[in-house]
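Beneath this line is the structure, given in structure tokens, with notes to follow.
The values are calculated or read from the model by the stated rules, or taken from the named source; none is laboratory data. All values reported here derive from a predicted model rather than from experimental measurement. Here Cβ is always computed from backbone atoms with ideal geometry, including for glycine, and neighbour counts include all displayed protein chains.
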Amino acid sequence: MTNTVAVESPTESGTAPTRIVIVGGVAGGMSCAARARRLDERAEIIVLDRGDHVSFANCGLPYFVGGEIADADKLLVQTPTSLAASLNLDVRVRHDVIGLDAEQRLLTVSTDSGLEQLRYDALVLSPGAAAIRPEIPGLDSPRVHTLRTVEDATAMRSVVDGGARRAVVLGGGFIGLETAEALRRQGLDVTIVQLTDHLLAPMESEMAQLVTDEVVRLGIVVHEGVAAEAITPGIDHDVVILDDGTRLDADLIVLSVGVRPDTTTFEAAGIRCERGAIAVDDHGRTSLPGIWAVGDAVVSTHAVTGIRRPVALAGPANRAGRLVADDILRPESARPIPNPVGTAIVRIGDLTAAMTGSNRDLLRSAGIDHHTIHLHPNQHAGYFPGAQQIHLLVHFGTEDGVLLGAQAVGTDGVDKRIDVLATAIRAGMTVGDLIDLDLAYSPPYGQAKDPVNFAGMEGENVMNGTTVLWYADDVDKVLDTALVLDVRSRAEFATGHLPGALNIPHTELRERLDEVARAGAGRPVRILCASGVRSYIAHRVLAQNGFDSATLSGGTLTLRATLGSRADAMLALDTVPQSA
């Protein structure tokens, strides 16, 4: 089956122009329309959108709610008038496609004037996704809002400007966090309710804990591992009731628990879908001739895991739209649509959190064995003012060292490192290849040994056995079966340490190996420091002296983040360091 449309050459006369109809604008649809026009000046290109705006900055909506973008018009990237003038596109807003006859190549469209039928030669579906609405009693309250369109944003801003004081955000994903921060910026008391056990569910829990800490610092209350059970509407405010019995007063409730592909009409017309998302080949072709699909409504194959699911990100949608236009008009040279790596980034307060590739849950689901390293290097030279740590995590294959995923949290330099690592994953590089990357260096911008290079060095050490790691998730088992050796300074040790740990600063270790042997009494030695650097040095000393040793990945910085609320209770304060 092929969907290729035979397109007449613009130099030929007496032939009708190809009619390309695109359902849905914004990222995927509009990039397809713009590219199609650049490839064929004669084509008739019609864009249908059910909303009032066909080309707007949906990623900017929370920043309008928060006041950082003052004018809603700034969210409008293009209008039907500007698109007609610049690209000769026939853009029709308030046109909702409610039927498709693929055999006759006809669409049924609901408009303000009634039903219309529209013929197409090539059809591109970019319907996007709709907010998931769980079955919660009271969810139809007028105080419940979503944030998907410009109209949503202006309505929410109106509620804020109208004197709302308390907001409850249901869902702590990217949009939920951005909206919570925006509302807090406007002075509201904000509470986030998150069903999973940590915010930003795709992030590893130890990285997400850093985000939670920043959210709390902003004055936002977080309820994790609970769900909204009901919403009780009231005269002056609503009450959100959680399944643990907590009651939250709210003037504004933001529903941000996820999205689902908006594909009902097209699945009913016979287009093959997988779990509600449109199935396409590597050129965006659907199961029916002459029909392509892009964006949030399409099922994608993850580049790392091979897991198939929708990827609701603007970058992949934009690129796919462009490549679909190529396949319609220049099929002989069209490149396939690449599988998404899943790179995403969000700002929370003073922090940036970003990720690329896969997380450990998806790697396990796909049966991919992997190593994980945690490191906390500075974003630029430590002697230059403003040096701040980047908390970096990297996954790579146990057998081949191929990069599988990375996550980072920090105040500066996070975007640069994740972009480099996303590029490395796309290129199929191994963790050892990161050592050789020639990255820009000057004291205000980086280090001679960039955090990415440093990750490569640590990863290669793990691959070749120079480094043996233990992980914070295993702390309870380690306390039961091994000697914990804390190689921080005595002053650091006194600020909090694992119970029963032996404290020998790493600079004294070589002279005190007998103490380690006596305290260990034949047990394995599990070493830790603040970030993993000094414990690695100590590990190499012990390993070369016959000890069964391992160093804690990421040190106590990662340990505290992993333990979360358990950290203060487990890391005992002690003014007298233990010694053998």
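Computed quantities for the displayed model
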{"quantity": "Boolean, L563 is under 18 Å from D474 (Cβ atoms), in contact (Cβ under 8 Å) with a residue 60 or more places away in the chain, among the aliphatic types (A, V, I, L, M) and surrounded by 24 or more Cβ atoms within 10 Å (Cβ to Cβ)", "calculated": "no"}
{"quantity": "Selected residue (only one of L485, L479 is closer than 20 Å to A530 by Cβ and surrounded by fewer than 18 Cβ atoms within 10 Å (Cβ to Cβ))", "calculated": "L479"}
{"quantity": "Among the residues listed as E274, E267, the single one being touching a Lys or Arg at 6+ places or on another chain (Cβ under 8 Å), of a type in the set (D, E, K, R) and outside the structural domain of G163 (by TED's automatic domain parsing)", "calculated": "E274"}
{"quantity": "Qualifying positions in segment 382-412 - closer than 24 Å to M429 by Cα, buried (at least 24 other Cβ atoms within 10 Å of the Cβ) and among the small types (G, A, S)", "calculated": "G405, A406, A408"}
{"quantity": "Checklist (1) surrounded by fewer than 18 Cβ atoms within 10 Å (Cβ to Cβ); (2) closer than 22 Å to S531 by Cα; (3) over 22 Å from the mean Cα position of the chain (by Cα); (4) touching a residue at least 24 places away in the same chain (Cβ under 8 Å) applied to D415, failing item", "calculated": "(3)"}
{"quantity": "D49 vs. criteria surrounded by fewer than 24 Cβ atoms within 10 Å (Cβ to Cβ) and touching a residue at least 24 places away in the same chain (Cβ under 8 Å)", "calculated": "no"}
{"quantity": "Residue in segment 148-167 that is of a type in the set (V, I, T), under 30 Å from R35 (Cβ atoms) and out of contact with any Cys (no Cβ under 9 Å at 6 or more places or on another chain) present", "calculated": "yes"}
{"quantity": "Entirely in segment 334-381, the strands (runs of 3 or more DSSP E) that have 3 or more residues that are at pLDDT 95 or above, surrounded by 23 or more Cβ atoms within 10 Å (Cβ to Cβ) and under 18 Å from the mean Cα position of the chain (by Cα)", "calculated": "351-357"}
{"quantity": "Test: residue in segment 12-35 that is assigned to a helix (DSSP H, G or I), at pLDDT 90 or above and not assigned by TED's automatic domain parsing to the domain that holds P289", "calculated": "no"}
{"quantity": "Flag for M463 being at pLDDT 95 or above and touching a Leu at 6+ places or on another chain (Cβ under 9 Å)", "calculated": "no"}
{"quantity": "Residue under evaluation V77, criteria (1) modelled with pLDDT under 95; (2) touching a Leu at 6+ places or on another chain (Cβ under 9 Å); (3) β-branched (V, I, T), criterion not met", "calculated": "(2)"}
{"quantity": "Selection count, segment 382-423, where residues are in a strand (DSSP E or B) and polar (S, T, N, Q)", "calculated": "2"}
{"quantity": "Selection from segment 83-109 of residues that are in contact (Cβ under 8 Å) with a residue 60 or more places away in the chain and either within 34 Å of the chain's Cα centre (by Cα) or surrounded by fewer than 17 Cβ atoms within 10 Å (Cβ to Cβ) (or both)", "calculated": "V91, V97, I98, G99, L100, D101"}
{"quantity": "Qualifying positions in segment 182-197 - over 19 Å from D238 (Cα atoms) and buried (at least 24 other Cβ atoms within 10 Å of the Cβ)", "calculated": "A182"}
{"quantity": "Residues of segment 198-209 classified as surrounded by 24 or more Cβ atoms within 10 Å (Cβ to Cβ) and more than 11 Å from the chain's Cα centre (by Cα), total", "calculated": "4"}
{"quantity": "Criterion: closer than 30 Å to V402 by Cα and at pLDDT below 95 - qualifying residue of G295, G258", "calculated": "G295"}
{"quantity": "Failed item, numbered, when D112 is tested on (1) touching a Ser or Thr at 6+ places or on another chain (Cβ under 7 Å); (2) charged (D, E, K, R); (3) surrounded by fewer than 18 Cβ atoms within 10 Å (Cβ to Cβ)", "calculated": "(1)"}
{"quantity": "Pairs, first farther than 20 Å from D568 by Cα in segment 201-225, second surrounded by fewer than 17 Cβ atoms within 10 Å (Cβ to Cβ), C-beta under 6 Å, six or more apart", "calculated": "G225/D197"}
{"quantity": "Filtered residue count, segment 228-239, keeping only those that are among the small types (G, A, S) and free of Cβ contacts under 8 Å to residues at least 40 places away in the same chain", "calculated": "1"}
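This table checks each residue for (1) part of a loop (DSSP other than H, G, I, E, B); (2) among the hydrophobic types (A, V, I, L, M, F, W, C); (3) in contact (Cβ under 8 Å) with a residue 12 or more places away in the chain.
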site: I241; (1), (2), (3): no, yes, yes
site: G245; (1), (2), (3): yes, no, no
site: I253; (1), (2), (3): no, yes, yes
site: V257; (1), (2), (3): yes, yes, yes
site: R260; (1), (2), (3): no, no, yes
site: E267; (1), (2), (3): no, no, no
site: G270; (1), (2), (3): yes, no, yes
